[in-house]
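In what follows, a structure is listed as structure tokens, so that the remarks can point back to it.
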Amino acid sequence: MTITLTDFARPRLFPREPRRNTIQDCTPEQFERHLNEVPPLAVLEGYAPFCKLHVHRNWTSTKCLAVPITDDNRHLLRSDYDARTRDELPVLVRWFEGLEPPVANFLIVILYSREQLAKEGTDIDADWGVVGCMYTAEPIETPMAPITIMRNALGVEEGGSGVPLDRDAYLRSVEFWRTHANWRG
């Protein structure tokens, strides 16, 4: 099985201007090589048959991305409309500013099959393409944000995958994200 970074994931995980809330101490090439050479601790099923999650122990200083909202940090929450790419419509998002999160114990790499990526207009030479990565304290999936679930249901023309909305998964996502937020640094 071969894995490659997609053009979608590369600027999000390894931006030209380094950010504290992206992968640290590792180049895109080193990251890709690690994924191809070091077997994951676990492989989790993704939200659809074309999606797999590879759980790796964090070999970098990358910090946890989702942080619990508490009375002590609630004042650091910010929100705005944001798009992941120029082609997508901006959606309402929230995040912490000025927060120092812990180092993640795990990197959970989100992979899409070559066939699904081709359906979405991305051709790759590898079997699987990295579309994202979760930086977590526990070796379990952080629920997809409700807006991402909704975007996926809108279809590939709106930046999604075309997977219909799963009401139960959506409600589980809302339950988690009501009490957690990402951070920017």
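Most simply put, segment 85-185 has about 75% antiparallel DSSP beta bridges, counting only bridges with both residues inside it. Inverting the pair-averaged 1/r between distinct Cα atoms of segment 38-184 gives 16.4 Å as its Kirkwood hydrodynamic radius.
With springs only between Cα atoms under 10 Å, which of D25, D166, D71 fluctuates most in a Gaussian network model of the chain? Top of the fluctuation ranking is D71. You can think of it this way: the chain between R94 and D166 has 23.7 nm of extra reach, that is 0.36 nm per residue less the Cα-Cα gap. Once you order the gyration tensor axes a ≥ b ≥ c over the Cα atoms, which shape class does segment 68-143 get: rounded for a/c under 1.5, otherwise prolate or oblate by comparing a/b with b/c? Oblate, since a/c reaches 1.5 and b/c is not below a/b.
Within the assembled protein chains, the solvent-accessible surface assigned to E115 is about 120 Å², based on a 1.4 Å probe. Ranking N36, L65, F50 by how far each Cα lies toward the positive end of the dipole of segment 5-79 (charges on Cβ) leaves L65 at the top.
In the chain, helical runs assigned H by DSSP with n ≥ 4 each contribute -39500 (n - 2.57); averaged across all residues and rounded to the nearest 500, the mean residue ellipticity at 222 nm is -6000 deg cm²/dmol. With a 1.4 Å probe rolled over the protein heavy atoms of all chains, the accessible area of M134, M150, M1 falls in the order M1, M150, M134, largest first. One Cα centroid belongs to segment 151-185, the other to segment 83-132; the line between them spans 12 Å. Only protein heavy atoms count here; under a 1.4 Å probe, I3 has an accessible surface of about 10 Å². Dipole check for segment 34-135: with +1 at the C-beta of Lys and Arg, -1 at the C-beta of Asp and Glu, and the Cα centre as origin, the magnitude is about 180 Debye. Set the Cα radius of gyration of segment 15-121 against 2.2 N^0.38 Å, with N its number of residues, and you get 1.25.
The values are calculated or read from the model by the stated rules, or taken from the named source; none is laboratory data. Because the structure is predicted, anything quoted here is derived from the model rather than measured. Neighbour counts run over all protein chains shown; Cβ positions are idealised from the backbone, glycine included. SASA here: full protein model, heavy atoms, side chains in, ligands and nucleic acids out. Shrake-Rupley method; radii C 1.70, N 1.55, O 1.52, S 1.80 Å.
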